[in-house]
Amino acid sequence: MARIVQKFGGTSVGTVERIKIVAEKVKATVEQGHQVAVVVSAMAGTTNQLVAWTKECGILHDAREYDTVVAAGEQITVGLLAIALQNIGVDARSWLGWQVPIYSDDTHGSARIERIETENLIARLEQGQVAVVAGFQGVGPNQRISTLGRGGSDTSAVALAAALDADRCDILTDVDGVYTCDPRVVPKARKLDVITFEEMLELASGGAKVLQTRSVAMAMRHGVKLQVLSSFEDLPGTMVIEEKPDMEKNKVNGIAFSVDEAKVTLVAIEDAPGVAATLFGALADANINVDMIVQTAASAPGKTDITFSVPGSELERSQKVIADIGDALRYQDIITSADVCKVSVVGVAMRSQPGVAKTMFATLAEKGINIEVISTSEIKISVLIASAYKELAVRSLHTAFGLDVD
Ligand code: ADP
Ligand code: ASP
Ligand code: MG
């Protein structure tokens, strides 16, 4: 007998019919004699609708009220799945974040899970009851409902698996595993049997939304046995695993892209100690995640240009933060563009095999794609390019790095 956490995403619980199919899948696992905790997302599209409504009521809104609204989608699916399970003879009950409780910090909108109390859940699991737990939500220090950032149900599932000391955490979704690139954009993408935690982390932070970045970091930290597989078909999925010595075969194992990007250039900013600290300090204080940064010499003496990227959804707020500290920065001009996309190539072999940057830049040059900003980590190279070239860039890189399926 094992203890298993199964997470079903939005498409997998997108209709009542789909929820009934999920219930059958859960029942099959229960009948194998396992203890099962299920984590569910909201029905596909629901969270987007809830987010849109909060924006319609006020662009600058209280993040605690935002969470109250957007957490609602998961309340519906936990209840529906519990009913569907009960109707096919499976003992089950729903659990909202505050009922478990799943305690988080107070960073509403992108809260971090701090602790999960498992006593009540474990008692029920041991009686053979299925726990249907709402993903994406927790309860903050002031007893207010919190949410964990978009795609956060993955993190709920991994955190629950860690807290319950589960034997495995299965992420059941609308693809049958992790591919070398999003199969919806690269038809020649190949399914991976295994991927290392580090590569998955870089792909996720590069925009591959198949797993939320935080869920991968958490699984890595707690040694959770994590698997991505189809909720529609019974097929082997992709295991996310620790790196092994014989893994350094391909230079690149995956390509990710993100269109939620914006580029900001401050032209002829004061070239003096403390200026970057003031600029990026103010953005950090506003909770804006700066990703890529380049600084270049400006034509005027004592001046420099700084270009950086922020999430596209944060461009407006970033401009406001910069305008507020404009006196301290003394820049000549600010140029922004939301028409950019980030493309990242990822592979643990990059540590030992040179030439990835060369192939990447040559491939993009051949296609006439201009690179606007570059950033690297030990196992990743990212470039910012015009978003019109997204498909062309990822498909050409996929071919150039020998990733295309035969
Ligand atoms: P869920 O609702 O189940 O959480 P998501 O939509 O969040 O599902 O994530 C699954 C989607 O991730 C897939 O439909 C696919 O388009 C996308 N995706 C992006 N990159 C990859 C990748 N490298 N491998 C597989 N899927 C990917
Ligand atoms: N429903 C939430 C979202 O759409 C959480 C999730 O699906 O993981 O972001
Ligand atoms: Mg998701």
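The values are calculated or read from the model by the stated rules, or taken from the named source; none is laboratory data. Model, not experiment: these values are computed from the prediction. Counting neighbours? That spans all protein chains shown, and the Cβs are built from the backbone with ideal geometry, glycine included.
Remarks
- Tally of residues being over 25 Å from residue 25 (Cβ atoms) and assigned to a loop (DSSP other than H, G, I, E, B) across region 204-242: 4
- Among the residues listed as 265, 336, 304, the single one being β-branched (Val, Ile, Thr) and at pLDDT below 95: 304
- Those strands (runs of 3 or more DSSP E) of region 115-189 in which 1 or more residues are within 16 Å of ligand 3 (Cβ to nearest atom), in contact with a helix residue (DSSP H, G or I) (Cβ under 9 Å, 6 or more places away or on another chain) and at positive phi are absent.
- Here residue 76 passes the criteria (1) at pLDDT 95 or above; (2) crowded, with 18+ Cβ neighbours inside 10 Å except the one numbered (2).
- Subset of region 214-240 [touching a helix residue (DSSP H, G or I) at 6+ places or on another chain (Cβ under 7 Å) and surrounded by fewer than 17 Cβ atoms within 10 Å (Cβ to Cβ)]: 222
- The residues listed here are 50, 85, 81; of these, the one that is more than 16 Å from ligand 1 (Cβ to nearest atom) and either in contact with a Leu (Cβ under 9 Å, 6 or more places away or on another chain) or not small (Gly, Ala, Ser) (or both) is 85.
- For residue 37, the conditions (1) free of Cβ contacts under 8 Å to residues at least 40 places away in the same chain; (2) out of contact with any Ser or Thr (no Cβ under 9 Å at 6 or more places or on another chain) are fulfilled apart from (1).
- Selected residue (criterion: surrounded by the most Cβ atoms within 10 Å (Cβ to Cβ)) from residues of region 289-317 that are within 18 Å of residue 332 (Cβ to Cβ) and small (Gly, Ala, Ser): 298
- Scan of region 116-127 for residues that are surrounded by fewer than 13 Cβ atoms within 10 Å (Cβ to Cβ) and touching a residue at least 24 places away in the same chain (Cβ under 8 Å), ordered by number: 126, 127
- When each of 318, 352 is tested for being touching a helix residue (DSSP H, G or I) at 6+ places or on another chain (Cβ under 7 Å) and in contact (Cβ under 8 Å) with a residue 40 or more places away in the chain, the lone residue that passes is 318.
- Criterion (over 22 Å from residue 4 (Cβ atoms) and crowded, with 17+ Cβ neighbours inside 10 Å) met by exactly one of 159, 163, 111: 111
- Among residues of region 190-202, those that are part of a strand (DSSP E or B) and within 12 Å of ligand 1 (Cβ to nearest atom), counted: 2
- Considering region 6-63, and only residues there that are in a loop (DSSP other than H, G, I, E, B) and among the β-branched types (Val, Ile, Thr), the residue that is surrounded by the most Cβ atoms within 10 Å (Cβ to Cβ) turns out to be 13.
- Any hit, region 243-265, residues being over 30 Å from residue 8 (Cα atoms), in contact with a Pro (Cβ under 9 Å, 6 or more places away or on another chain) and not in a loop (DSSP other than H, G, I, E, B): yes
- Subset of region 212-228 (residues that are small (Gly, Ala, Ser) and away from ligand 3 (no atom under 12 Å from the Cβ)): 217, 219, 223
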